[in-house]
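A short worksheet on the structure shown next.
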Amino acid sequence: MLIPATSDHIRLAAAALRQGELVALPTETVYGLGADASNREAVAKIFRAKGRPANHPLIVHLAETAQWTHWAREIPDAAWRVAEKFWPGPLTVILPKHPQVPDEVTGGQATIALRIPAHPIALQLLQAFGGGIAAPSANRFGHVSPTRAEHVVEELGARVAYILDGGPCAVGVESTILDLSGDPPALLRPGRITRAQIEAVLRCRVALKPQRAVRAPGMLAAHYAPQTPAWLCDGATLAAHCARLREQGKTVGLVTCGMSHRVAQVAIVHALPRDPQHYEAALYHTLRLVDRQALDVIVVERPPDDEAWAAVNDRLSKATVAELGDS
Ligand code: TXA
Ligand code: MG
């Protein structure tokens, strides 16, 4: 049931979590599908609702760092430093897990993912609930993450007890994942908090280590993906490619980075902002809108390649099936 996130409803949602029910909650990144992280049966419901393989670990969300000794076996100095700088916020930290953490949460791994989100409704829910909330993105496995409450309704509907409506998510892409369980620290998923920002706080090099497929649903080929086949294309050849697809009788949805292209004759254009943070905030909603138009192809203009665009480029490489090369 979709409910506005009033204080009464937040208390209701916390009570549902205590009873082992699923609650979808807004965070500043994307909406999460939450369950009591200490309750094995509740956690199992997350995997059933999402259709997600059981060996894919979940992020446990906390209200404050005082709680993390319950979840992590050891908390290195680096973890305190990034927590102080970036929490509450869009950063997930991987640490060696505490033996009492249910295996269902970590997919049987020896490490655990922890995050204190910055969204006021997520924090109020965490405080009212009191424990850790395990929450993956609130979409069916492999789909685009939800950045509005209505997306969660589309994805999961009656599979969740309550969906707390907190409006659109400000960040719009999933949290940065930083693995602090080994040496050197490693970035497993780029996000709003960049590798350079983390390196500045830790004063050491952070390795880039994409997760292995089995550990990381985000690394599978068709992840974060719309249902319509989507292709990446350089700005310079965009107009020619769209025209050719149109000649082949295909209907084309085009997602641009800025508004410079004259392709309105051959494609339905969705112009995303040229600024990476605004682009991130709009990306998933736009992919859903284009997907709903039941077109033959989605063409996505390739954004710039610098670090500010790392999260966008990572998600686009997963949302698209291939690249349109020079013709
Ligand atoms: O922004 C976010 O992180 C959102 C919101 C709801 O917090 N959550 C999210 O969860 O994106 P999910 O499950 O869709 O993605 C979590 C990622 C997965 O790629 C998972 O493999 C990785 O975190 N992960 C979780 N625990 C891990 C661990 N112990 N080692 C390595 N990767 C881990
Ligand atoms: Mg996800």
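The values are calculated or read from the model by the stated rules, or taken from the named source; none is laboratory data. The structure displayed is predicted, hence computed values, not measured ones. Neighbour counts are summed over all protein chains in view; Cβ atoms, including those assigned to glycine, are modelled from backbone coordinates with ideal geometry. Quick note on the areas: whole protein, heavy atoms, side chains included, nothing else; ligands and nucleic acids left out. Shrake-Rupley method; radii C 1.70, N 1.55, O 1.52, S 1.80 Å.
Quick look at the values:
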{"read-out": "Residue within the stretch 13-20 that is modelled with pLDDT of 95 or more, touching a helix residue (DSSP H, G or I) at 6+ places or on another chain (Cβ under 7 Å) and within 16 Å of ligand 2 (Cβ to nearest atom) present", "value": "no"}
{"read-out": "Scope the stretch 132-143; condition crowded, with 20+ Cβ neighbours inside 10 Å and away from ligand 1 (no atom under 11 Å from the Cβ); matching residues", "value": "Gly132"}
{"read-out": "Hey, Val173 modelled with pLDDT of 95 or more, within 16 Å of ligand 2 (Cβ to nearest atom), assigned to a loop (DSSP other than H, G, I, E, B) and under 29 Å from Ala118 (Cα atoms) or not", "value": "yes"}
{"read-out": "Test: residue in the stretch 208-225 that is modelled with pLDDT of 95 or more and either more than 13 Å from ligand 1 (Cβ to nearest atom) or buried (at least 22 other Cβ atoms within 10 Å of the Cβ) (or both)", "value": "no"}
{"read-out": "Single condition Pro120 does not satisfy, out of (1) open to solvent by 10 Å² or more (accessible area, probe 1.4 Å); (2) under 17 Å from Phe86 (Cα atoms); (3) within 13 Å of ligand 2 (Cβ to nearest atom)", "value": "(3)"}
{"read-out": "Considering residues of the stretch 176-203 that are free of Cβ contacts under 8 Å to residues at least 24 places away in the same chain and not in a helix (DSSP H, G or I) only, the residue surrounded by the fewest Cβ atoms within 10 Å (Cβ to Cβ)", "value": "Arg203"}
{"read-out": "Qualifying residue in the stretch 47-58 (condition: more than 16 Å from ligand 2 (Cβ to nearest atom) and either among the hydrophobic types (A, V, I, L, M, F, W, C) or in contact (Cβ under 8 Å) with a residue 40 or more places away in the chain (or both))", "value": "no"}
{"read-out": "Output for the stretch 277-327, where each listed residue is open to solvent by less than 60 Å² (accessible area, probe 1.4 Å), small (Gly, Ala, Ser) and in a helix (DSSP H, G or I)", "value": "Ala281, Ala282, Ala308, Ala310, Ala311, Ala319"}
{"read-out": "Helices (runs of 4 or more DSSP H) wholly inside the stretch 90-161 that include at least 2 residues being in contact (Cβ under 8 Å) with a residue 60 or more places away in the chain and either under 20 Å from Arg288 (Cβ atoms) or out of contact with any strand residue (DSSP E or B) (no Cβ under 9 Å at 6 or more places or on another chain) (or both)", "value": "120-129, 149-156"}
{"read-out": "Hey, Pro190 over 22 Å from Ala49 (Cα atoms), at pLDDT below 95, within 16 Å of ligand 2 (Cβ to nearest atom) and not acidic (Asp, Glu) or not", "value": "no"}
{"read-out": "Sole exception among (1) open to solvent by 20 Å² or more (accessible area, probe 1.4 Å); (2) out of contact with any strand residue (DSSP E or B) (no Cβ under 6 Å at 6 or more places or on another chain); (3) within 11 Å of ligand 1 (Cβ to nearest atom) for Thr65, by number", "value": "(3)"}
{"read-out": "Where a residue in the stretch 256-268 is more than 16 Å from Pro304 (Cβ to Cβ) and its partner, wherever it lies, is part of a loop (DSSP other than H, G, I, E, B) and open to solvent by 40 Å² or more (accessible area, probe 1.4 Å), with Cβ under 8 Å and at least six apart", "value": "Ile268/Thr251; Ile268/Gln293"}
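Okay, residues lined up against (1) among the aliphatic types (A, V, I, L, M); (2) within 18 Å of the chain's Cα centre (by Cα):
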{"residue": "Gln100", "(1), (2)": "no, no"}
{"residue": "Thr106", "(1), (2)": "no, yes"}
{"residue": "Gln109", "(1), (2)": "no, no"}
{"residue": "Leu125", "(1), (2)": "yes, no"}
{"residue": "Ala138", "(1), (2)": "yes, yes"}
{"residue": "Val144", "(1), (2)": "yes, yes"}
{"residue": "Arg159", "(1), (2)": "no, no"}
{"residue": "Gly167", "(1), (2)": "no, yes"}
{"residue": "Ser175", "(1), (2)": "no, yes"}
